[in-house]
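Participant: Got a structure for you, questions after.
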Amino acid sequence: MSDNREPNCIFCKIVAGEIPAKLVAEDEHLVAFRDINAQAPTHILVIPRKHAKNILEVADTSLVGHLFSKAGEIAVKEQLQNGFRLVVNTGDDGGQTVHHLHIHILGGRAMSWPPG
Ligand code: AMP
């Protein structure tokens, strides 16, 4: 359970089980669930249980490592060994719409570059 939840944060509500999500993985530090508006055949979000607005707000570097390491594990479990993309949108210019740190795992199709 998050010990610093933000009352209006939709991802804090998912962590608390107050709104439903299709969970893919969880442990004491993180929760992973399917994106409600998938941009690829596989689109999963990995979030820390503890609220942090974005990557600039996380002091705990081991947590950041754990989130990325778990994202890789999940990608393999989802059969994305052929390739996938991890994305961390940050701030307004970065296209972040939910202000609770999250890693997107996108896969199941070939990705283009540059992103829009
Ligand atoms: P970003 O634009 O990087 O902040 O990404 C936020 C993501 O959260 C978007 O891809 C949304 O589709 C996704 N999202 C928003 N609300 C939910 C929800 N209730 N369950 C699952 N995914 C969500």
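Participant: So which residues in the range 14-28 are buried (at least 16 other Cβ atoms within 10 Å of the Cβ) and within 8 Å of the ligand (Cβ to nearest atom), if there are any at all?
Facilitator: Once the filter is applied, which keeps residues that are buried (at least 16 other Cβ atoms within 10 Å of the Cβ) and within 8 Å of the ligand (Cβ to nearest atom), the range 14-28 yields 14, 21.
To keep it simple, each residue is scored yes or no on (1) buried (at least 16 other Cβ atoms within 10 Å of the Cβ); (2) not β-branched (Val, Ile, Thr).
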| position | (1), (2) |
| --- | --- |
| 44 | yes, no |
| 66 | yes, yes |
| 88 | yes, no |
| 101 | yes, yes |
| 113 | no, yes |
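Participant: Follow-up question, since we're still on this one. Test residue 31 against the criterion of being within 14 Å of the ligand (Cβ to nearest atom), within 23 Å of residue 111 (Cα to Cα) and either open to solvent by 20 Å² or more (accessible area, probe 1.4 Å) or not in a loop (DSSP other than H, G, I, E, B) (or both), and give yes or no.
Facilitator: Against the criterion (within 14 Å of the ligand (Cβ to nearest atom), within 23 Å of residue 111 (Cα to Cα) and either open to solvent by 20 Å² or more (accessible area, probe 1.4 Å) or not in a loop (DSSP other than H, G, I, E, B) (or both)), residue 31 does not qualify.
Participant: Go through (1) touching a Ser or Thr at 6+ places or on another chain (Cβ under 9 Å); (2) in a loop (DSSP other than H, G, I, E, B) for residue 116 and report which single condition fails.
Facilitator: (1) is the only condition that residue 116 fails.
Participant: Regarding residue 50, is this residue of a type in the set (Lys, Arg), open to solvent by less than 80 Å² (accessible area, probe 1.4 Å) and either within 13 Å of the ligand (Cβ to nearest atom) or under 28 Å from residue 76 (Cβ atoms) (or both)?
Facilitator: No; evaluated as a whole, the condition is false for this residue.
Participant: Would you check if there is a residue in the range 62-83 being among the aromatic types (Phe, Trp, Tyr), within 11 Å of the ligand (Cβ to nearest atom), within 27 Å of residue 112 (Cα to Cα) and not in a loop (DSSP other than H, G, I, E, B)?
Facilitator: The answer is no, given that none of the residues of the range 62-83 is among the aromatic types (Phe, Trp, Tyr), within 11 Å of the ligand (Cβ to nearest atom), within 27 Å of residue 112 (Cα to Cα) and not in a loop (DSSP other than H, G, I, E, B).
The values are calculated or read from the model by the stated rules, or taken from the named source; none is laboratory data. Being a predicted model, the structure only gives us computed values, none of them experimental. When we count neighbours, we look across all protein chains shown, and the Cβ atoms used for this are built from the backbone with ideal geometry, even at glycine. These accessible areas exclude ligands, DNA and RNA; they are computed on the full protein's heavy atoms, side chains included. Shrake-Rupley method; radii C 1.70, N 1.55, O 1.52, S 1.80 Å.
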